[in-house]
Structures are given as structure tokens and as C-alpha cells.
Amino acid sequence: MTLNLNEADLVAVSVGGIIAHPSFPGLPAEPYRLAADGTPFLLPTWGGIVYNVSVGDRAFGWAADCIHPGVSLRGADDGRNRGLNVFACVGNTAVVMTGHAQGAKGVVTGKSGRFSEQVIVHFPKDVRRKMAAGDQIVVKSYGTGLAIEGHEEVNCKGLSPDLLKALPHRIDGGVLKFGVVATVPAFLVGAGAGLTSEGGSLHMQSTDRVALKEAGLDQLRLGDLVAIENTDSRYNHGYLRGAMSIGVVGQTDGPRAGYGPGITVIMTAPKGQLGAYTDSTANIASLLKLEA
């Protein structure tokens with residue numbers, strides 16, 4: 001079944017940034033964070049070029065704190081970074097403009113949340129080895145304003161038409177449903193709740209590993225499609241009975257409470273207009289044929 005989209009009405013525009021260098025805030029002066037049990041830790045976190053973690057790899061078990069697979073981009077200042085975060089869509093093409101990897105193409109695979117506010121882009125590993133922090137990358141933003149004919153109450157969020165057309169889907173009883181690997185219960189929604197749903201991520205809680213396993217979430221991979229029950233992400237991420245959001249697992253797990261794998265929400269609806277069914281193959285690495 002083919003979805004009818006308003007593709008002809010969308011505007012394609014360039015947004016860009018540089019490869020962000022990993023950093024620490026000036027205060028407090030020590031670089032340590034606290035795990036859920038109060039233990040201090042020092043692990044790689046967001047930013048930079050990650051050479052050995054890619055979309056399609058496991059989301060749990062890395063010695064890392066919410067690492068971004070691939071390459072992390074940030075705008076030159078807060079205003080331009082906000083434009084990059086809001087307008088870049090998952091599935092958009094990114095092109096390296098400077099450095100030894102100039103001309104190489106990648107794909108936007110996610111966005112990170114508050115405090116980091118970066119766009120995550122997949123490049124093949126051999127390309128990553130040629131890149132450097134500070135290299136300029138342009139994203140062809142195409143997807144803002146995307147709508148599905150006959151299902152206008154399903155709000156698309158930072159979603160490219162190319163990815164939407166590749167997603168497994170069906171219509172059941174008039175409800176548009178998409179294939180997902182698993183569903184996140186509302187009680188496991190963590191960091192990001194209450195914040196804007198434009199240009200950020202929504203984390204699932206992962207401190208309770210028994211609850212994760214019961215929900216079928218303990219084996220998630222980066223790039224997996226997941227549903228988030230009773231969550232309305234039209235404007236801000238928040239609890240609403242009967243609502244549903246669907247997103248892409250964009251970041252790994254971490255030791256902190258409330259910061260399990262980060263999810264980039266790509267669609268949402270408030271009153272049962274959006275549904276999900278189980279499809280263990282629903283991962284953007286295969287759907288977009290991302291080169292390793």
C-alpha cells in the first residue's frame with residue numbers, strides 16, 4: 001500500500017554545521033557524572049566522530065553515556081544550531097564540504113536532546129576515518145511540513161519523505177499503523193518529557209532491567225523503530241492517554257537515571273489515529289540501505 005504524501009509542496013533547503021568536538025561544561029570542574037546508584041563515572045559521551053559504533057549496532061552495553069553513532073553536528077552559534085536541529089529530518093542526505101572526506105555523503109539518523117542538541121549523521125566507517133572535528137557538513141533539509149493524505153492527524157516530526165515511504169505500514173480499521181521492534185510503556189519514558197518535540201530526543205528509562213526485558217526492550221539496536229504509548233509529541237513530549245508516538249533509537253544507553261537509549265520521535269497522534277504492530281526487522285539501517 002502506497003501512502004499519498006504532499007511531497008510536491010515541500011521546500012528543500014540547506015542547513016549546516018560542523019563536526020562537534022566532545023566537551024565538558026566549565027563548572028563543576030570535575031568531569032565525572034553520577035550513575036543511578038550514585039557512583040561517579042567517566043565515559044565517552046556525545047559529540048565528535050565515533051569510529052566503532054554505527055546504526056544497526058546494539059543500543060545497550062557500551063562503556064559510554066548516550067553515545068551518538070557515527071558523526072555529531074552542531075551549528076556555528078545557538079541560532080543556526082537551532083535551525084539545524086529543527087529542520088534536519090531523519091533520512092535526509094548530508095554532504096561533507098571540507099576536509100579529507102570532502103564530497104562524501106551520509107544520512108541523518110537522529111537528533112540528541114537538551115544540553116547536547118546535535119544532529120546525528122551516519123557515514124560509512126572508511127569515511128569517518130578521514131574526517132576531523134570542525135569539518136563542515138551540509139544537510140539537504142527536506143520533510144518539514146510533511147503530511148499524509150487522509151491521515152492528517154498523524155503529525156510528522158523531522159521525517160523525510162524517503163524514510164516515510166520506506167517504513168513498513170498498513171491500515172487497520174482506518175488507523176494508520178507502522179511496524180516497530182517494540183513498544184515503550186509510558187512509565188518508562190524518561191529525560192525529555194515536558195520539553196519541546198522539535199529538534200530533540202526522548203529517552204527511555206533503563207535502570208529497571210527487569211521492566212526492560214518484560215517490555216521486549218532489552219535487545220534494542222540503534223536505528224530500531226519503536227512506539228511510545230500514551231505519549232503526545234505534537235508540541236511537547238507529554239503523557240496523554242490514547243496518544244502514540246513513533247521514533248528511531250538514535251543514542252545508546254548510559255549509567256544515569258532517566259537516560260536510557262534516546263529516541264528521535266518522527267511521528268505522533270493524540271487520539272488513536274496512529275498505531276503500531278510488531279516487526280522485528282524495522283530498523284533504518286536496512287530500510288535506508290545504510291553502507292557500513
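Please treat every number below as a calculation from the coordinates, not as lab data. The shown structure was predicted, so the numbers you read here are calculated from the model rather than taken from an experiment. Backbone-built Cβ (ideal geometry, glycine too); neighbour counts: all protein chains shown.
Given H placed on each backbone N at 1.01 Å, which residues far from V189 in sequence or on other chains put an amide H within less than 5 Å of it?
Here the answer is Q205, since their amide H atoms fall under 5 Å of that of V189.
Find the relative contact order for the stretch 7-141 and round it to a whole percent, using C-alpha pairs within less than 8 Å whose residues are 6+ positions apart.
Averaging sequence separation for qualifying contacts and normalising by length gives 33 percent for the stretch 7-141.
Looking at this model, which pairs from K177/K213; K105/K125; K157/K213; K165/K289; K105/K140; K105/K130 are more than 21 angstrom apart at the alpha-carbon?
Beyond 21 Å: K177/K213; K157/K213.
Under the 0.36 nm per residue contour assumption, what length would be gained going from the current alpha-carbon distance of T98 and L3 to full extension?
Fully extending the segment from T98 to L3 adds 30.5 nm.
Starting from the 7 Å offset along Cα-to-Cβ, what nm value, one decimal, do you get for the label separation of D208 and D126?
4.7
Output the peptides 266-275, 51-60 sorted from most to least packed, where packing is the average of other Cβ atoms within 10 Å over each peptide's residues.
Per-residue Cβ counts within 10 Å, averaged per peptide and sorted highest first, yield 266-275, 51-60.
Collect residues whose amide H, placed 1.01 Å from N in the peptide plane, falls under 5 Å from the amide H of L195; neighbours closer than 5 in sequence don't count.
Counting only residues 5 or more places away or on other chains, the set is H237.
Taking every pair of alpha-carbon atoms in the chain, give the share separated by more than 33 Å as a whole percent.
16
Over the chain, what relative contact order in percent results from Cα pairs under 8 Å that are six or more residues apart?
The normalised contact order for the chain reaches 23 percent.
For M204, M97, what's the fewest-to-most ordering of other Cβ within 10 Å of each Cβ?
Listed from fewest to most nearby Cβ atoms, that is M97, M204.
In sequence order, what are the phi-derived ³J(HN,Hα) couplings for the stretch 270-278 according to the Karplus relation 6.51 cos²θ - 1.76 cosθ + 1.60 with θ = phi - 60°, rounded to whole Hz, with x for glycine and proline?
x, 9, x, 7, 10, x, 8, 9, 6
What number comes out for the charge environment of L84, summing +1 per Lys or Arg and -1 per Asp or Glu over other residues with Cβ under 13 Å away?
+1
Kindly write out, for the stretch 28-38 in residue order, the coupling ³J(HN,Hα) from the Karplus curve 6.51 cos²θ - 1.76 cosθ + 1.60 (θ = phi - 60°), rounded to whole Hz, with x marking Gly and Pro.
Values, residue by residue: x, 5, 6, x, 7, 10, 10, 6, 4, 8, x Hz.
If the cut-off is 16 Å between C-alpha atoms, which aspartates and glutamates fall inside it for K111, apart from same-chain ones fewer than 8 positions away?
Within the straight-line limit of under 16 Å, K111 reaches these aspartates and glutamates: D65, D78, E198, D224, D253.
For the stretch 244-260, just list the computed ³J(HN,Hα) in residue order, Karplus coefficients 6.51, -1.76 and 1.60, θ = phi - 60°, integers in Hz, with x standing in for Gly and Pro.
8, 10, 10, x, 10, 5, x, 9, 7, 5, x, x, 6, 5, x, 10, x
Quick check: residue separation of T278 and A63 times 0.36 nm, minus the Cα distance between them. What number comes out in nm?
In short, 74.5 nm is gained.
Stick to Cα atoms and the Kirkwood definition of Rh, then tell me Rg/Rh for the stretch 1-132.
Rounded to two decimals, Rg over Rh is 1.01.
Plugging the Kirkwood radius over Cα pairs into Stokes-Einstein for the stretch 155-286, at a temperature of 25 °C and a viscosity of 0.890 mPa s, what D comes out in µm²/s?
171
Using the 10 angstrom Cβ neighbour count as an exposure proxy, how do H203, H68 rank, fewest first?
If I rank by nearby Cβ atoms, fewest first, I get H203, H68.
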